[in-house]
Amino acid sequence: MPPKTIIRLALPVPLRRLFDYLGEEGRVYPIGARVRVPFGQRELIGIVIEQTEDSEQDLDKLKPARALLDENELIPSDIRQLVDFCSRYYQCPLGEAYNTALPKLLRNGEAVSLPQQEFLQLSQEGLGLPPGGLAKARKQAALLTALQEQGKLDKTDLKRLCISNAVVKAMQEKGLLCWESEQLPTIKAEEQQKQEALELNDEQSAALEQLRYQTFACYLLEGTTGSGKTEVYLQAIAEVLRQGKQALVMIPEIGLTPQTLGRFQNRFRCPVVAIHSGLNDKERLQAWGMAKSGQAGIIIGTRSSVFTPLYNPGIIIIDEEHDLSFKQQDGVRYSGRDLAIFRAQKAGIPIVLGTATPSLETLHNAIQGRYHHLRLTRRAGAARPPAISVDDIKQKTLIGGLSQNSLDAIGNTLAAGNQVLVFLNRRGFAPSLICHNCGWVAECRHCSARMTLHKAQRQLRCHHCEASMPLPTQCPKCFSQELIGQGYGTQRSEETLQEYFPETQIIRIDRDSTRKKQAMHELLHEVDQGQPCILLGTQMLAKGHHFPNVTLVVIVDADGGLFSGDFRGPERMGQLITQVAGRAGRAEKPGRVIIQSHNKDHPLLETLLEQGYHLFARQILRERQLANMPPYRQLALLHCDSKDGILAESYLQGLRQWLEQYAPPTPERVYLGPFPAPMEKRKQMFRFQLQFNCENRRQMQQLLQLAGQYLEQSKMPHNIRCSLDVDPLDM
Ligand code: ADP
Ligand code: ZN
Ligand code: ZN
């Protein structure tokens, strides 16, 4: 009997295994091609991982595959390697990792279509004309000569030669011309720069010099806003393009403003494709195809662009590397930044992490010498940094979270014809309990961490050591009963502002108001008009965009960051303050920042304001080390959501007990929880989490594999949902 053709597939189902199907006898199924197969009552599209002759399953029970969709590998080997790593590191089924990595239309089985370029050619009859023909019609003669010399012309050529449609039409009617189309060419190793580069200052030149080496290295480019990081990227890319290679530029979720894109397009001749939320599925697929085929020289995109195949990769750039949006927060919770580093290493190319406010993980790696540290300390443009002051709001009457002082400053700024930015820290901070009278913050008795406020259970809980206590009714320091949850009242800020400034337009920018396609673009356009207005936003506003007409920034609740139960709170706060301070104002209109806090003299706040982000960050790194937290330890969270909170909690308890049998807790392997998540209830679901804290990656991977086994083999009640978050950013 001839050997069977068995293909092993990754299928988009939540099971951690591959699936075997029977292929047609004698046929070759390329690895990385798609195959349509029956799966239960459904039909799925899988990716060929392997072709073999035997199976662990009963051969007679294997179902035949239906159709092979790609003659050649669709997904090149470097992307397969990346997806495979993603699946192992983040502990998700390979099929789900592929599902995350591929554009929707590819998942649905469509073929890649590449854009065509139209051009004009002489017809048979036209080719018969002699040089210098059509002399009576001057414009037609010019077009004829150009075609005789160059063979073909595209629309931009015609524009350049000032040849109108009428001329083309006239010659077409004589049967002398015809339009043809062909695929765009693959980029070539040649000069692609069309606009003069700026002359670099010393620091920029030193940075660029380092980036020349075409081997793997990870660079942290730490430079304040406006210090000329983008100019360094552009010049590093110019060199890569000269060698016929491509650049992948990754930016935060909403950072892709038309200005950013325009800067790349104006500088280079080769096609620049942007992969952003405004694209429809077809455009997305086309961008994917242009990157893979080498038609695009530069690919700009958000976190998922890390999976875009490249014909000839030359460099990867991650702008605003500290930004949270590089981490996917549901499904496969991967970090686009971290995967990009893996990718650059495998491809043997440099990767640049650029930011004014490095994440502590990245800074730690730079200090340890694993990354090269490049710094730009001077501003390239003319804008001056704003003046920052802290507004002590202890005991003050707050109206919708705002102090009278802030409201007055807002009023004056608007009256002077300028714009105001008001920041609310609604997301990403585990709330703590603060005394409005004296600024006391509930801290854990066993460790120096802040207790997290759980309103529903009327409890304070420490997420670092599992201590818990009922909500106190008065402040232990000053006996005041005015204990407030941090962030209290900020929900009402918008109403308050509208009441106070009824004539002023309030532009709210957050995830909800920018969900629609183009919405962000339109909102920002509105702001760019320069009319006095109040911009009200969350962390989202701190990135990418520059607001030259904003001369006052109010940060409503600095305590939310400084005293968050989430150990990343202070880091976020420092980044936010530094980022907004860098985005407001310009040379002739310097900005001003007011930070509202109950703890004006907090040492971290002082370090930040007096010595800057870098030293501030080094200080919190020391605290992290003492607290056994990342980047000194590895962290993972197992989330469990259910309409039935008790069920979710007890499932995690069961999991912990089971794990502790096989991997007993030690100082190197710590279990914490289950705790209610900081936002305990969302969309009718109660949310619990179990935390793992390990000394190194290897230990963490072992533990997660065990946990993965439990999740698959234990009888999970049907009404709970579990997910793993490796290197979580939201605690
Ligand atoms: P960043 O990316 O660090 O925020 P940019 O590259 O956007 O900084 O530079 C900020 C401004 O300074 C831009 O307007 C840019 O054109 C200008 N700029 C950057 N480098 C130089 C330079 N070497 N000489 C003059 N202007 C520069
Ligand atoms: Zn008090
Ligand atoms: Zn504690």
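Annotations
- Just one of (1) outside any strand (DSSP E or B); (2) surrounded by fewer than 20 Cβ atoms within 10 Å (Cβ to Cβ) fails for V670. It is (1).
- Filter result for A449 (modelled with pLDDT of 80 or more, among the hydrophobic types (A, V, I, L, M, F, W, C) and within 16 Å of ligand 3 (Cβ to nearest atom)): no
- Every pair of residues 6+ apart whose Cβ atoms lie under 6 Å, when the first sits in region 439-468 and is in the same structural domain as G645 (by the TED database) while the second is within 16 Å of ligand 2 (Cβ to nearest atom) and outside any loop (DSSP other than H, G, I, E, B): none
- Flag if T362 is of a type in the set (V, I, T), assigned by the TED database to the domain that holds I299, within 25 Å of H545 (Cβ to Cβ) and assigned to a loop (DSSP other than H, G, I, E, B): no
- Test: residue in region 388-405 that is farther than 27 Å from T504 by Cα and surrounded by 22 or more Cβ atoms within 10 Å (Cβ to Cβ): no
- Identity of the residue in region 550-602, polar (S, T, N, Q), closer than 26 Å to G530 by Cβ and within 16 Å of ligand 1 (Cβ to nearest atom), that ends up surrounded by the fewest Cβ atoms within 10 Å (Cβ to Cβ): Q579
- Reported count of residues in region 453-503, each being away from ligand 2 (no atom under 16 Å from the Cβ) and among the polar types (S, T, N, Q), is 8.
- Region 1-22: number of residues that are within 18 Å of G40 (Cα to Cα) and part of a loop (DSSP other than H, G, I, E, B): 8
- The single condition from (1) closer than 30 Å to C722 by Cβ; (2) part of a strand (DSSP E or B) that I595 fails is (1).
Conditions (1) modelled with pLDDT of 90 or more; (2) part of a strand (DSSP E or B); (3) over 30 Å from C438 (Cβ atoms), marked per residue:
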site: E606; (1), (2), (3): yes, no, no
site: A617; (1), (2), (3): yes, no, no
site: E623; (1), (2), (3): yes, no, no
site: N628; (1), (2), (3): yes, no, yes
site: P631; (1), (2), (3): yes, no, yes
site: Y651; (1), (2), (3): yes, no, yes
site: P678; (1), (2), (3): no, yes, no
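- Residue count for region 347-397 satisfying the condition of being among the hydroxyl-bearing types (S, T, Y) and under 30 Å from G439 (Cα atoms): 4.
- Selection within region 284-309 - in contact (Cβ under 8 Å) with a residue 60 or more places away in the chain, within 19 Å of the chain's Cα centre (by Cα) and part of a loop (DSSP other than H, G, I, E, B): T308, P309
- Cβ-Cβ under 7 Å pairs, at least 6 apart or on other chains, region 5-28 side free of Cβ contacts under 8 Å to residues at least 60 places away in the same chain, far side basic (K, R): T5/R27; D20/R8; Y21/K63; L22/K4; L22/K63
- The helices (runs of 4 or more DSSP H) found wholly in region 152-257 and carrying at least 1 residues that are in contact (Cβ under 8 Å) with a residue 40 or more places away in the chain occupy 165-173, 202-211, 229-242.
- Selected residue [modelled with pLDDT under 85, in the same structural domain as V420 (by the TED database) and either assigned to a strand (DSSP E or B) or within 27 Å of S227 (Cα to Cα) (or both)] from G561, G565, G574: G561
The values are calculated or read from the model by the stated rules, or taken from the named source; none is laboratory data. What you are looking at is a predicted structure, and each value in this text was computed from that prediction instead of being measured. Virtual Cβ from ideal backbone geometry, glycine too; neighbours counted across all protein chains shown.
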